[in-house]
Structure formats: C-alpha cells, structure tokens
Amino acid sequence: MTKKRFTPPAIKRLQSGMPGKAGIPSQLNPIPDIGGIPVKQLLRDYGSPLFILEENTIRNTYRKAKDAFESRYPAVQFAWSYKTNYLDAVCQIYHQEGSWAEVVSGFEYQKALANGVDGRQIIFNGPDKSPEDLKLAVENHSYIHIDHFDELYSLIKVAESSTNRPRVAIRVNMDTGIFPRWDRFGFNLENGEAMEAVKQIIESGKLDLMGLHTHIGTYIISVNAYRTAAEKMAALALSIERELKHQIRYIDMGGGFASLNTLKGAYHSAADTTPTFDQYAEAITGAITRAGFDPSAMPMLILETGRALIDDAGYLAGTVLAVKRLSDGRKNLVFDFGVNLLFTSFWYDHEIHPVEEQNGFTEDATLFGPLCMNIDQLRDQTRMPLLKQGDQVVVKRVGAYNMTQWMQFITYRPNIILISPEGSAHLIRKAENLESIRSSEETPSHLKK
Ligand SMILES: Cc1ncc(COP(=O)(O)O)c(C=O)c1O
C-alpha cells in the first residue's frame, strides 16, 4: 500500500450567504428614486456613476443632533468638519443651519473664508499649519487649536508681529478606554504634557487661551468613551481655573460619532450598535454638567461631528458593467464605480441596492469596480439579486469622506448633484474630463509634438 501524501491543514474562509444573526441582508429592496426623482432619470440626465446628496436629509439629521445637545446643555455650537465633505453647497447648508466651520489645512481654511464664514467662526485644527496659515487665522480672529509645541512656538512668533492676540485652544489626547488610542495628535493629558502646554501659553503672555479640544477617534460606538473624555476635559478645565486662575471658555469634544454604515468584519449590523445622538449627548453633557463648573459660567460645548451628520444623505448610483464568474464559481459583479470613488469601501460593508424590483432570488457574489487593479474590490462576499449587465444600482450612506477622499485614477470623477427640498436636482460639482485634468499639466517644449 502506498503511503498517502501529506496535505498540510489549511484554514479556509467560509463563503456563505446564509442569514446571519441579524437576518437576511436587506439589499434586495429596490431604491427606485431619491428625493422624489427616479434614479433612472438622474442617471440619464447626469451620467453613470453619479453621486447624489439629499438636502432634506442633511438638514433633518443636523437638527436632530443639535436638538439632542441643546435640550441638555445651555450653550452648544456645532462646527462643520470640512474634510468630511467640503463641497461648497454642502458647507453652505450647514452654515445656513448655524454651524461654524472646522478646518484642518490652509486650503480648507481658505475654502471656509470663500464660503463667507466669519473668521471668528472658524476652528483651525490639524498638525499642518504654515506660518502664513497661522498669520491669516490670527488676522481673522479664528480659534487656532494648537497640535504640538513647535506650532505653539511658531504661533508665539506670529503673535509678536501681529496687532491681534491669537485666540487658541490646545488639542488634548487621553486614555478613554478605547483602542487604538489616538495619541499622535495634540498634547497628552495623563503624562502632564497638556498642562505644560497650557502653562507655556499663559506664561507667554501673547496668546489668549480660550478652550480645550479633543477628538478621541472616529466611528466610536462607545458612549462611555465620550463620557470619560468629557469628564477628563472638564477636570482639566477646572484645574486650570483653580491652579492658574484662568477661565476656559469652551470645551470642544471633536467628532467621531458612528454613522449607520456597518464596519467590515463587524458581527452585528450598525443599526444594532450605533448609539443615537441622544445617547452621545447624554454621556457628554451629563459629564460636563456634573463636573462642578459655576452654573452661571458653564463652558460652551463645541461639536465637530462629521460622518454621523452626512453619511445618510449621500448615495452613489451606478451601473453593472459585467457579470462574470471567478475560478471557484462565485458570481462576480463589476460596477462602473470602484474604490476610486467609494473610498470608504475599504472599511465599510456598504449596502448596494438594485434600482428596479428584482425577482426575489439572490446569489453569493463578490463585487468589483471598473479599475484594472486588483485592489478594486468593493465587497468580498455578499448576497445580491441576479443582476445583469446594464442594471442600475444605488450604494447607500456615502455622504461622508468619499467626495473628499476619492481619487482621480484611471477614470474621471463623476458629477455630483444635490436634490433640493422641493425636489429639483442641482449640479453642484461637474464631472472631470480630459481638458480639466490636462489643464494643470505642463509638457516641457522638448517633449511636445
Ligand atoms: C479634529 C477632527 N474633528 C472632527 C472630525 C470629524 O470626525 P467624524 O467624521 O468621525 O465625526 C475629525 C475627523 O477625523 C477630526 O480629525
């Protein structure tokens, strides 16, 4: 008898479309229209793929978040996180609703000014502020949130040659019980660095320390982490008042609330794990209210919420380019949009729905984009209706970070439209074309034909 050949054991991921604990995926439901307009018509008028934003949803979500905080705390201010979506039309909606601007670069700062935002209502965060950026922000009386000691010293230099006193806060990082800890931004609380920065600001005599800022991370589903952060921020503010006789005017809790997108690899769907605005608000405002501030001089509470405010308002509509099979027999759908446009598909399992009613049958499928690059995979494994070439689909909850983090790679970036409250479509960003891309290139004369 011949000895059997040894086959080393291997772990193979189970490819199954069985219902999970959360039931059968609901991607079968068609999305025939958005904001009252048929998706078919939008794709015909503006081309495929197409980003679509709904103004009503932006406003309603913002109002819900604002109410959650304002019903619990006397002084609340939201500042729209530009990097989440800095299309001018989107920013103007938030500014109309009363939101300030929160920016993290000279470019974003200038975009906020160009949008007509009063410099006193711009919060300048981030680790990259050039001396020119700092000068501009000081001239416009903006709130500058200092990220590191080198920036503090640059700002003191700027202050020496300016007639305005810079209005500043420090960004504080801390242990809130979540992992990974975002400690690369700002000054650490536990090792005393934050207090040291505060002392240097006050001792410089050149800057007005107005507030304290933190941003504990993004897509944080633990309200306890916010409670801990708010307690620690309030305690720091109170010890600055006590030890340095300096009043802190505002506490900025940053952004980070989770949206209703489900993270890749998550066992439960986001609908089961994402806290409501009321839950976040209760944790944060409860901690600050109980901290021991003089009730007549409570610090203003600033929030820089991004993704949780806009994800739901954004859709990406597109078309099936091809239906294929992989070598293992699995269905492979190729769409006309990929990771170039849907950057968030690197960490979210986006819901992708057909535009038209399907026959009810589904099949396991892997979803790819149009790029001739192996990385262009939108979903490794999902359950999809039996779509065919030319069928149209809608990806839900794409309002945050896709229209800023997208890349011009292989194909053009498409049109973006906004559906206004009365139901009309407005083009708010034109698709790229050969001319718009070539217009910023130069060919040296010896290479010209
Ligand atoms: C300083 C700061 N504020 C606000 C935000 C918005 O965060 P999110 O979209 O998670 O609410 C970010 C994003 O990372 C940020 O870095």
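Mean Kyte-Doolittle hydropathy of -0.5 or higher plus an axial Cα length of 24 Å or more: which whole DSSP H helices in the chain meet both? Let's see the in-between values first.
Numbers: long enough: 223-244 (31 Å, 0.14).
Helices passing the filter in the chain: 223-244.
According to the Kirkwood expression over distinct Cα-Cα pairs, how big is the hydrodynamic radius of region 81-129, in Å?
Working: mean 1/r = 0.0954 Å⁻¹.
Kirkwood hydrodynamic radius for region 81-129: 10.5 Å.
Considering only beta bridges that DSSP places wholly inside the chain, some 45 percent are antiparallel.
So in region 55-310, what percent of DSSP beta bridges are antiparallel if you round to the nearest 5?
Details: 0 of 29 bridges.
Taking every DSSP beta bridge with both residues in region 55-310, the antiparallel ones total about 0 percent.
With helices as the sole contributors, the chain gives -8000 deg cm²/dmol at 222 nm; each DSSP H run of n ≥ 4 counts as -39500 (n - 2.57), and the sum is divided by every residue. The label point for Ser436 and the one for Ser239, both projected 7 Å from the Cα toward the Cβ, are 5.1 nm apart.
Of the trypsin sites (Lys or Arg not before Pro) found in region 361-413, those in coil by DSSP whose Cβ has at most 11 other Cβ atoms within 10 Å are Lys388.
For region 169-323, the gyration tensor built on C-alpha atoms gives a prolate shape. Its axis ratio a/c (a ≥ b ≥ c) is at least 1.5, and a/b is the larger of a/b and b/c.
Straight-line reach from Lys448: taking Cα to Cα under 19 Å and skipping same-chain neighbours fewer than 8 places apart, the aspartates and glutamates in range are Glu435. For Ile202 and Ala322, the FRET efficiency from 1/(1 + (r/R0)^6), where r spans their Cβ atoms and R0 equals 56 Å, is about 0.30. Assign one of three labels to the chain, namely rounded, prolate or oblate, based on the Cα gyration tensor with a ≥ b ≥ c the square roots of its eigenvalues; rounded applies when a/c is under 1.5, prolate when it is not and a/b is larger than b/c, and oblate otherwise. Here the chain falls in the prolate category. Our estimate of slack between Phe361 and Asp33, defined as 0.36 nm per intervening residue step minus the Cα-Cα distance, is 115.9 nm. Separation of region 303-366 and region 184-206, taken as the distance between their Cα centroids, equals 45 angstrom. Using C-alpha pairs below 8 Å separated by at least 6 residues, the relative contact order for the chain is 20 percent.
Structure remark: mean-square fluctuation, Gaussian network model of the chain, C-alpha springs under 10 Å; the largest value among Lys111, Lys40, Lys245 belongs to Lys245. When you count the other C-beta atoms within 10 angstrom of each residue and take the mean per peptide, 56-67, 254-265 line up highest first as 254-265, 56-67. Couplings for region 356-367, taken from phi via the Karplus curve 6.51 cos²θ - 1.76 cosθ + 1.60 with θ = phi - 60°, read 9, 4, 10, 7, x, 7, 10, 8, 4, 8, 10, 10 Hz in order; Gly and Pro are left as x.
Do any GluC sites (Glu not before Pro) in region 380-438 lie in a loop, going by DSSP, with at most 10 other beta-carbon atoms within 10 Å of their beta carbon, and if so which?
On the way: sites: Glu422, Glu432, Glu435; in loops: Glu422, Glu432.
Loop-located and lightly packed - Glu422.
Under 13 Å from the Cβ of Ile417, count the other residues' Cβ atoms, weight Lys and Arg +1, Asp and Glu -1, and hand me the total.
Details: positive: Arg44, Arg429, Lys430; negative: Asp45, Glu54, Glu55.
Local charge sum for Ile417: 0.
Projected onto their three principal axes, the Cα atoms of region 55-310 cover extents of 53, 39, 38 Å, largest first.
Just so you know, all these numbers are worked out from the coordinates, no wet-lab data involved. Everything numeric here is computed off the predicted structure, so don't read it as measured data. Positions of Cβ are backbone-derived with ideal geometry, glycine not excepted, and every protein chain shown enters the neighbour counts.
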